[in-house]
Amino acid sequence: MNSRFSFVLGLSLAVLAPQTVSAETVWLDQLDVRSAIQGWGEPHKNKSVEGHALTIGGKEFTRGFGTHAESILNINLGGGAQSFFASVGVDDEVNSNAQSSVEFFVIGDGKTLWSSGVLRANDAAKSCEVELSGVKSLTLKVGDAGDGVNFDHADWVDAKFETAGAKTFVASGEEIPDPVAPYILTPNQPATPRINGASVFGVRPGSPFLFTIPATGERPMKFSAKNLPNGLKLDAKTGHITGVLKTKGEFIVTLRAKNSLGTAEKKFRIVVGDQIALTPPMGWNSWNCFAGAVSEERVKSAADALVKSGLINHGWTYINVDDFWQNHRDSQDPTLRGKFRDEKGFIVPNSRFPDMKGLADYIHYLGLKAGLYSSPGPWTCGGCAASWQHEEQDAQTYAQWGFDYLKYDWCSYGEIASGGDPNAKNIPLWGKTATNDAGAIYPYKVMGKFLREQKRDIIFSLCQYGMADVWNWGGSVNGNCWRTTGDIVDTWRSMSGIGFKQDKAAPFAKPGNWNDPDMLIVGQVGWGRTHPTRLTPDEQYTHISLWCLLSAPLLIGCDMTKLDDFTLSLLSNDEVLALDQDALGKEARCVLTNGDLRVYEKELEDGGRALGFFNLGAKPANLDFNNFAALNLTGTFHVRDLWRQKNAATVDTAKDSLPLTIPAHGVVLYKLAPTK
Ligand code: GAL
């Protein structure tokens, strides 16, 4: 017996009464078991480690997790599970090999709650029942029983949690930080007026102008502006600036917001020219919460909530409808069935969206902007009608309805790009990627051209997951932002895996062109069936800090009608958001890696530097940071803690160090401003 595991012997096992009934069953195979760390091969859901049907002692099982010793799967239960049931054993695929010997362990908050004893090839599956009430972090472990890992193919079968309502848990091979309750760092907003948001705004000559002055402070508030160019007017009550500017040029305007407690002013630069999206777009998108269950009502409620929650006062602007506003090619859902296009070839929205122009008008009336989604292939990624061979008509339609943003995916175009029969009935939604750069670029060039021809500023967002190094050419096809990655989900692995791998594209970000590491996963998310984000509070601070440092488009992905105070605090910290919206438009890069520490640095328009000190480890980190040379910093700086909106220190890089306490998977976000 391996000495590491001998301590479990003699522990009494908690066995459950079989009739325990609970509100929800969460199967182990519903979690991300592929994130397990193991000694050999790949972890599999519902299959053995070699990919065969799960079989123990001659009996086949359909559900479970096939792994290999030594194997670790950590599950963040957060106290939400009541019990765990499974059967365990060596998979028959080892063909009676005498070297196969394993031992299974269920470990809760560091204590072994159950162990199987040594199991060998051909042994019958052993059943496991463990009481879990109050357990926060669970580890499912398979040891090698002390004789090395050879032929230790191990199966957890029929494995499930009974819960009192929890619908899912996060699983990970990595160590999970100790649970921390949400804690709010963003200070309350003052009642006196403050003008937030970007200090620059781009518009094309002749396009309708809409900008809402984002200002916090007690209402009623009266807005005014000095040097507003001819052609624009400001609504003093709402702060909406509208109109049209006919000729190219630059205007420096002074925006003013006044309430009974005081007056705030801010310089604001309007640039009438070719480029729009001079700062990364900020808003909401329907996909990460509603996915295929989006509807006009839900979109309007999101827009209402963006205003009512006050997020509009921090610069959040776009309300974007993702996939499923069109009719579907084969869905059984009657609300998604109908003509794809009319006799003239114009797209027909599905019955959940009876009045697209009305929807855009509604959003504009609130001072917000509206966005839509399509794909260059015949079908979107969800299988709805898309733009292939109707690109010009679609661009015209979006403009005529009044939409201001188009997210343009890739799905079902791969077949066409690689020379498949474009008229084939069953063009796969997924499948081929572009076979050459020209094939990858072409569909975006087409749509980019037609969008530019409209008399409306429509942000063009390319959603092709970074194929063909899109950052090299996205701007040349009129793209304003482009995804650099596949889809994000609300796990540490997904978010950190994407967020900390953006350096390659970073030099290509600039006003008008932004790298897009995908949408935000804070709040209630869930692609049709929402749950609170599975990111810990510190992981959420990391997520928002990193996306702002990266000058990423910020698209909230949660159910806006269910915003909680913590989520709201993450999305309304103006000093943090100011990094994202900084007019210089430089994307941060990782300037220092040391163990689990990553330091990101972003140059700012005012000569300051934003620094993100990230701790990728699962334990808090305490350090005295003095490697300023790695950040190219010399001199004396005021150090501002952006989340707390407080001055933290003044440092002289020649002699001082910065004491840092960085939470597990968390961040310390500072701005350094030269004292002179
Ligand atoms: C994916 C895209 C998602 C969402 C989805 C719609 O390809 O990355 O963000 O738009 O399509 O079906």
**Asked** Do we find a residue being within 16 Å of the ligand (Cβ to nearest atom), surrounded by 23 or more Cβ atoms within 10 Å (Cβ to Cβ) and at pLDDT 95 or above anywhere in the stretch 502-509?
**Response** no
**Request:** Check Gly617, Gly607 and return the single one that is within 28 Å of the chain's Cα centre (by Cα), part of a loop (DSSP other than H, G, I, E, B) and over 21 Å from Leu570 (Cα atoms).
**Result:** Gly617
**Prompt:** From Ala583, Ala649, Ala664, which residue is in contact with a Pro (Cβ under 9 Å, 6 or more places away or on another chain), without any contact (Cβ under 8 Å) to a residue 12 or more places away in the chain and among the hydrophobic types (A, V, I, L, M, F, W, C)?
**Reply:** Ala649
**The one condition in (1) of a type outside the set (Ser, Thr, Tyr); (2) closer than 21 Å to Lys344 by Cα; (3) in contact (Cβ under 8 Å) with a residue 12 or more places away in the chain that Pro428 fails to fulfil** = (2)
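Being in the same structural domain as Tyr398 (by TED's automatic domain parsing), in a helix (DSSP H, G or I) and not hydrophobic (A, V, I, L, M, F, W, C): is that true of Gly358 here?
Details: in the same structural domain as Tyr398 (by TED's automatic domain parsing): yes; in a helix (DSSP H, G or I): yes; not hydrophobic (A, V, I, L, M, F, W, C): yes.
Considered against the rule, which asks whether it is in the same structural domain as Tyr398 (by TED's automatic domain parsing), in a helix (DSSP H, G or I) and not hydrophobic (A, V, I, L, M, F, W, C), Gly358 comes out as yes.
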**Prompt:** Could you list, in sequence order, the residues of the stretch 118-128 that are buried (at least 19 other Cβ atoms within 10 Å of the Cβ) and either closer than 23 Å to Gly79 by Cα or under 39 Å from the mean Cα position of the chain (by Cα) (or both)?
**Reply:** Cys128
**Complete:** The number of residues in the stretch 353-388 that are on the phi > 0 side of the Ramachandran plot and within 15 Å of the ligand (Cβ to nearest atom) is 1
**Message:** Looking only at strands (runs of 3 or more DSSP E) that lie completely in the stretch 196-270, which have at least 2 residues being under 20 Å from Lys369 (Cα atoms)?
**Reply:** 200-203, 208-212, 232-234, 240-244
**Request:** From (1) under 27 Å from Ser295 (Cα atoms); (2) part of a helix (DSSP H, G or I), pick out the condition that doesn't hold for Ala578.
**Result:** (1)
**Asked** Does any residue in the stretch 390-419 that is assigned by TED's automatic domain parsing to the domain that holds Pro378 come within less than 7 Å, Cβ to Cβ, of a residue that is of a type in the set (Lys, Arg) and within 16 Å of the ligand (Cβ to nearest atom) six or more places away or on a different chain, and which pairs are these?
**Response** Gly414/Lys432; Glu415/Lys432; Ser418/Lys432
**Message:** Which pairs turn up if I take residues in the stretch 278-297 that are within 24 Å of Thr212 (Cβ to Cβ) and of a type in the set (D, E, K, R) and look for partners that are modelled with pLDDT of 95 or more and within 15 Å of the ligand (Cβ to nearest atom) with beta carbon separation below 9 Å, at least 6 apart in sequence or on another chain?
**Reply:** Glu296/Val321; Glu296/Trp325
**Item:** Options Glu42, Glu50, Glu60: the member that is without any contact (Cβ under 8 Å) to a residue 12 or more places away in the chain and not in a strand (DSSP E or B)
**Value:** Glu42
**Prompt:** Among strands (runs of 3 or more DSSP E) lying entirely in the stretch 627-676, which contain 1 or more residues that are more than 31 Å from the chain's Cα centre (by Cα)?
**Reply:** 636-641, 646-652, 667-674
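Could you please find all residues in the stretch 448-468 being farther than 20 Å from Tyr318 by Cα and more than 15 Å from the ligand (Cβ to nearest atom)? So that I can check it myself, show each step before the final result.
Start the filter on the stretch 448-468 by keeping residues that are farther than 20 Å from Tyr318 by Cα, which leaves 449-450, 453, 464-468.
Lys449, Phe450, Glu453, Ala468, listed by residue number.
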**Asked** Is there a residue in the stretch 507-516 that is in contact with a Ser or Thr (Cβ under 7 Å, 6 or more places away or on another chain) and among the small types (Gly, Ala, Ser)?
**Response** yes
**Asked** Residues in the stretch 545-562: is at least one out of contact with any strand residue (DSSP E or B) (no Cβ under 8 Å at 6 or more places or on another chain) and either crowded, with 20+ Cβ neighbours inside 10 Å or free of Cβ contacts under 8 Å to residues at least 40 places away in the same chain (or both)?
**Response** no
**Fill in**
Flagged in the stretch 416-446 as at pLDDT 95 or above, more than 21 Å from Pro507 (Cβ to Cβ) and within 15 Å of the ligand (Cβ to nearest atom), in numbering order, are Pro443
**Message:** Every residue in the stretch 299-329 that is within 15 Å of the ligand (Cβ to nearest atom), part of a loop (DSSP other than H, G, I, E, B) and more than 16 Å from Gly528 (Cα to Cα), please.
**Reply:** Asn327, Arg329
**Prompt:** What residue, of Gly338, Gly382, is closer than 28 Å to Pro443 by Cα and either surrounded by 17 or more Cβ atoms within 10 Å (Cβ to Cβ) or at pLDDT below 95 (or both)?
**Reply:** Gly382
**Prompt:** Picking from Val470, Val489, which residue would you name as being part of a loop (DSSP other than H, G, I, E, B) and either modelled with pLDDT of 95 or more or β-branched (Val, Ile, Thr) (or both)?
**Reply:** Val489
**Fill in**
Scanning the stretch 510-526 for residues that are more than 16 Å from Leu563 (Cα to Cα) and hydrophobic (A, V, I, L, M, F, W, C), the one nearest to the ligand (Cβ to nearest atom) turns out to be Met519
**Request:** Please work out if Asp559 is of a type in the set (D, E, K, R), more than 14 Å from the chain's Cα centre (by Cα) and either in the same structural domain as Arg644 (by TED's automatic domain parsing) or at pLDDT 95 or above (or both).
**Result:** no
**Pairs, first more than 16 Å from Tyr405 (Cα to Cα) in the stretch 353-366, second assigned to a loop (DSSP other than H, G, I, E, B), C-beta under 7 Å, six or more apart** = Phe353/Trp325
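The values are calculated or read from the model by the stated rules, or taken from the named source; none is laboratory data. Owing to the predicted nature of the structure, the values given are computational and were not obtained by experimental measurement. Cβ atoms come from the backbone with ideal geometry, glycine included; neighbour counts cover every protein chain shown.
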